[in-house]
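Peer 1: Mind having a look at this structure? Questions to follow.
The values are calculated or read from the model by the stated rules, or taken from the named source; none is laboratory data. No experiment lies behind these values; they were computed from the predicted model shown. Cβ placement follows ideal geometry from the backbone for every residue including glycine, while neighbour counts extend to all protein chains displayed. Heavy atoms of the whole protein, side chains included, go into the accessibility calculation; ligands, DNA and RNA do not. Shrake-Rupley method; radii C 1.70, N 1.55, O 1.52, S 1.80 Å.
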Amino acid sequence: MTVALIFLGFALFLVLGSPIVWAMAAAVILAVSAGDLQMPTAWLAQQTLRGADSISLAAIPLFLLAGELMNRGGLTRHIMGIAESLFGRLRGGLGLVNVATAFVYGGITGSATADTGAIAKIMIPAMEERGYGRAFAAAVTAASGTLGIIVPPSVVLILYGVLTNTSIGGLFVAGVVPGVLLAASFMVTAYIVGVREQFPLLEKPLQARQLRTDLIYALPALLMPILVLASIVLGYATTTEAAALSVLYAWVAGALIYRELSWRDLVPAMIEAVATTGAVMIIMAVATPFGWILTFEQVPHAVAEWIAAVQAGPSMTILLIILALAFVGLWMDLGPAIIILAPILVPIAKAAGFDPYQIGMIFTVTLGLGLFTPPVGTNIFVVCNVGRIGIGAVSRRLIPFWIATFVVIGLLAAFPGLSAWLPGVMGY
């Protein structure tokens, strides 16, 4: 009765147009008041408070603030300058430049939406000016923007670590190889499309002096994700402490080294970071009693028993999980999807023998697919707004990138070492 009420209530309020967080809250209230749990009202308040009461979650606003400071410090164009010098002379090279910029930028902002928005404003007009179709420019930007959720430090990996009691430092390390693999798959896809459609080449010769200048200028920012990872892996800082250090480092780099970050930029950067954090934290708070009810009612156990009843081995189990994640990702934003599905599916995947870090990477990349698939893909809306282009035109251009993503997901599922090898080497 309780499980039926919480799912039906959640679906009903979504259909009525309620935001996801309020639909979850209303479903929980309905299940508690009309179900057979017989929990007092104070329990709901305690669970909601506990959902946001985690020191690890404090890393989220700090990493977001560090990314905002770096962005306002004028970093993006220098990262693009380096990428253009390296890849611009290939056919369709600006597509590769787009992906390479997103890969580096994602390691600084930790947020897919921030990554996509910052790069779209520069790359879409630049690619269109040089003869690339606007739809392709928008598509490659939307796809490559998802690198921000897997390249460390990642806000999504922090959420996943807190929800599943998995080491956040280990998840950061585990995201390195899959992040490189996903970026490489997007670059290969952009190159193949560029060759097939004869996109223009960058005709000016490589200017070593300009490359050296851009590299020197961008080096302090490029070092930030490396320093964050190193401080965590070597045991000098926790994830939250490393996030605080990244804010200090970003301010020093932007204000004292780049000299493009003024005191007036601090307040807007803080407002943006707090606004994004608020959206994440309220979902975490409301989702805690939601997940508690599912666990108490043994929903994960029931799903696991169903999979066992159909005699699904490990391969079929992970395939069913991937299909479930991909389907939910089409209709639900990344954060709520992880919050709802992780308590149900992660125990099943572990019981089937999959490594915790492997599961985390499969979860992140598969749900990340929903960021650039209609009807609710956040990255698609961002690039369509910036590029002033229809969703249909961009979606058609995204098909090769969807295929590339599924190839990477298949590799992550088939080869555990892609996710688990580096954390093992680092002692996680």
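Peer 1: Pull out the extension gain between Val3 and Thr41, defined as 0.36 nm times the separation in residues minus the alpha carbon to alpha carbon distance; nm, one decimal.
Peer 2: 11.9 nm
Peer 1: With N residues in segment 179-238, what two-decimal value do you get for its Cα radius of gyration over 2.2 N^0.38 Å?
Peer 2: Against the empirical 2.2 N^0.38 Å value, I get 1.69 for segment 179-238.
Peer 1: Another one. Please sort 251-261, 32-42 by packing, taking for each peptide the average over its residues of neighbouring beta carbons within 10 angstrom, highest first.
Peer 2: Result, highest mean first: 251-261, 32-42.
Peer 1: While we're on this one: Using 0.36 nm per residue, how much length does the chain from Val180 to Glu305 gain when fully extended, once their Cα-Cα distance is taken away? Kindly include the intermediate steps, with their values, before the conclusion.
Peer 2: Values: separation 125, 0.36 × 125 = 45.00 nm, distance 3.62 nm.
Using 0.36 nm per residue and subtracting the Cα-Cα distance, I get 41.4 nm.
Peer 1: Across the Cα atoms of the chain, what radius of gyration and what greatest pairwise Cα-Cα distance (Dmax) are found, in Å?
Peer 2: Over the chain's Cα set, Rg and Dmax evaluate to 21.7, 73 Å.
Peer 1: Counting only other residues whose beta carbon sits under 14 Å from that of Arg396, what net charge do I get with K and R as +1, D and E as -1?
Peer 2: +1
Peer 1: Springs between alpha-carbon pairs under 10 angstrom, Gaussian network model over the chain: which of Gly145, Gly51, Gly370 fluctuates most?
Peer 2: Gly51
Peer 1: Tell me, rounded to the nearest percent, the portion of alpha carbon pairs in segment 114-210 spaced more than 16 Å apart.
Peer 2: When every Cα pair of segment 114-210 is considered, 65 percent fall beyond 16 Å.
Peer 1: So what is the relative contact order of the chain, in percent, for Cα pairs below 8 Å that sit 6 or more residues apart?
Peer 2: Working: 668 pairs, mean separation 105.5, N = 428.
Reported relative contact order: 25 percent.
Peer 1: Where the Cα atoms of segment 96-158 are projected onto their three principal axes, how long is each span, largest first, in whole Å?
Peer 2: That works out to 39, 16, 15 Å along the principal axes.
Peer 1: Take the chain, connect every pair of alpha-carbon atoms lying under 10 Å apart with a spring to form a Gaussian network, then pick out the residue of Leu367, Leu341, Leu94 with the largest mean-square fluctuation.
Peer 2: Leu341
Peer 1: Comparing Gly387, Gly95, Gly148, which has the greatest mean-square fluctuation in the GNM of the chain with Cα pairs linked when under 10 Å apart?
Peer 2: Gly387
Peer 1: Find the accessible area per residue for the chain; the probe is 1.4 Å, ligands and nucleic acids are left out, and the unit is Å². Present the calculation step by step, with values, prior to reporting the outcome.
Peer 2: Values: 18150 Å² over 428 residues.
Using a 1.4 Å probe on heavy atoms only, each residue of the chain averages 42 Å².
Peer 1: For Thr189, tell me the accessible area in Å² from a 1.4 Å probe, rounded to the nearest 10.
Peer 2: Here the accessible area works out near 20 Å².
Peer 1: Please compute the modelled spin-label separation between Ile226 and Arg264, points set 7 Å along Cα→Cβ, answer in nm with one decimal.
Peer 2: 3.5
Peer 1: Along Cα→Cβ, 7 Å out, is where each label goes; now give me the distance between the ones at Ile216 and Val407 in nm to one decimal.
Peer 2: Distance between label points: 3.9 nm.
Peer 1: Determine the dipole magnitude for the chain: charges of +1 sit on the beta-carbon of Lys and Arg, -1 on that of Asp and Glu, nothing else is charged, the reference point is the Cα centre, and the result goes in debye to the nearest 20.
Peer 2: Result for the chain is approximately 1100 debye, rounded to the nearest 20.
Peer 1: On to the next question. Quote to one decimal, in nm, the extra length available between Leu330 and Ser33 on full extension: 0.36 nm per residue of separation minus the C-alpha distance between them.
Peer 2: 103.8 nm
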